[in-house]
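Remarks on the structure that follows.
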Amino acid sequence: MTAPSNLNIVPFVSVDHMMRLVLKVGIETFLTELAAVIEDDFRRWEQFDKTPRIASHSKEGVIELMPTSDGTLYGFKYVNGHPKNTKEGRQTVTAFGVLSDVGNGYPMLLSEMTILTALRTAAMSAVAAKHLARANAKTMAIIGNGAQSEFQALAFKAIVGISELRLYDIDPSATERCARNLAGKGFAIKSCSSSQEAVEGADIITTVTADKQYATILSDNMVGPGVHINAVGGDCPGKTELHKDILLRSDIFVEYPPQTRIEGEIQQLDADYPVKELWEVIAGKRGGRQSERTITLFDSVGFAIEDFSALRYVRSKLQETGLYIDLDLLADPDEPRDLYGMLLRCEAKLREA
Ligand code: NAD
């Protein structure tokens, strides 16, 4: 199957096709290639339209739209975050997204993005750690062993060289599942009974919990010199994971400050507290880690450009894999202005049938 030549047909990547695509490419190759596309797009950061995502909050969670454009392509993602969903058998985070041609405004891709979000979040985290963690980092603690956790582990293996994992979740069955899913994937895995135990000896600490409150997943005494913190779970107003004192001791790197100040760990700090933009490190405009003893913090919230990169990467794989279906999404009358006439012709056909 080739990519559709009919401009009115939109390729659609379903959950099933996304899984097949990841398995066909190989998940670690997928994460590594996706990380390279994210880095490419971060290097040309200044070309993009940027805005904090548009969030609709409720007591239970949030629904967000994440748009961006580089002037040639336009992308957006619809994503939710509902920590209580897992109790009802639903995902905390689900998503889908669109990539469009800026020239004519027509969508060029509609894709599931629940799996893709886990992949892009993990790839983004690993890119940040590649630039910020100590060069010889081998051990990572993962606190919060839910849907995102295995993806984080595999991205850090493929991109940073992590070979030892220390897992902790308040729900031991989550840790058990994560350890089971990652068995045989090249990690030495220790399941821990507290977050304190999990962080012992860790070069990198990933916090990826889901709870809609100002939580203290890490307290100040748990973070020693030289550690890199990959704080993923605090991504919404009123939803944080780190004690404020950790922030005050860390060199803080963020995606897009106007969004992270609303949603990230730094919502706990003054609005003008100095933070550094990760794209500048990736583009070589500023240094990353300053010393072996610096505590570096990637205050991840997830930014639209990462989703744009992910959609761009998936689209680049369609032709060679054929893993999509053609979607009849756009009306296509014989004469563009005869939209109503198209309806009449359909009516006539239905009468004949
Ligand atoms: P999930 O619900 O599948 O898993 C979360 C896990 O955290 C659960 O297993 C839960 O038991 C555990 N947990 C909750 N409180 C804890 C605590 N105090 N200590 C240890 N473990 C605890 O959710 P998920 O899909 O894995 O997402 C995790 C978080 O990451 C969510 O908050 C989500 O919003 C966020 N997220 C961020 C980004 C980003 O780009 N920064 C992207 C995707 C998801």
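Values quoted throughout were computed directly from the atomic coordinates according to the rules given, and no laboratory measurement underlies them. Since the structure is predicted, the reported quantities are computational estimates derived from the model, not experimental observations. Cβ sites come from the backbone with ideal geometry, for glycine too, and all protein chains shown count toward neighbours.
With the crude spin-label approximation of a point 7 Å out along Cα→Cβ, what separation in nm comes out for LEU327 versus ASP245?
Going from the LEU327 label point to the ASP245 one covers 5.0 nm.
Once you place label points 7 Å from the Cα toward the Cβ at ASN104 and ASN181, how far apart are they in nm?
Taking the simple label geometry, ASN104 and ASN181 are separated by 4.0 nm.
Quick one: grab Rg to one decimal and Dmax as a whole number for the stretch 221-274, Cα atoms only, in Å.
Cα-based Rg and Dmax for the stretch 221-274 come out at 10.7, 29 Å.
Within the chain, which is the longest segment that contains none of the trypsin sites (Lys or Arg not before Pro) sitting in a DSSP loop with at most 10 other Cβ atoms within 10 Å?
Counting only loop sites that pass the neighbour cut-off, the longest clear stretch is 60-336.
Using 7 Å Cα-to-Cβ label points, what is the THR216/LYS349 separation (nm, one decimal)?
Each label point is offset 7 Å from its Cα along the Cβ direction, giving 6.6 nm.
Over the chain, what is the relative contact order in whole percent, taking alpha-carbon pairs under 8 Å and six or more residues apart?
21
Quick one: angle between helix 339-352 and the longest Cα principal axis of the chain, in degrees between 0 and 90, rounded to 10, please.
Long axis of 339-352 versus the principal axis of the chain: about 70 degrees.
Would you mind telling me the antiparallel percentage of the DSSP bridges in the chain, rounded to 5?
45
Taking the chain as the region of interest, what is the percent of Cα-Cα pairs per 20 angstrom bin, listed from the shortest bin to the one with the maximum distance?
Cα pair-distance distribution for the chain, in percent: 30, 55, 13, 2.
So if R0 is 41 Å, what FRET efficiency would TYR273 and SER173 give, r being the distance between their Cβ atoms, rounded to the nearest 0.05?
Details: r = 38 Å, r/R0 = 0.93.
It comes to 0.60.
What is the log10 of I(q)/I(0) for the stretch 1-158, computed with the Debye formula using one identical point scatterer on each Cα and no solvent, at q = 0.10, 0.15 Å⁻¹?
Results for the stretch 1-158 at q = 0.10, 0.15 Å⁻¹ read -0.43, -0.99.
Grab the DSSP H runs of the chain that are 4 residues or longer, score each as -39,500 (n - 2.57), total them, divide by all residues and round the 222 nm result to the nearest 500 deg cm²/dmol. Please report the intermediate quantities before stating the final value.
Values: 12 runs with 124 residues, N = 353.
Value at 222 nm, helices only, nearest 500: -10500 deg cm²/dmol.
Can you tell me the dipole magnitude for the chain around its Cα centre, using point charges on the Cβ only (Lys, Arg +1; Asp, Glu -1), in Debye to the nearest 20?
Around 640 debye, computed over the chain.
Using a Förster distance of 56 angstrom, determine the FRET efficiency expected from the C-beta separation of GLU197 and LYS285, and round it to 0.05.
Approximately 0.90, to the nearest 0.05.
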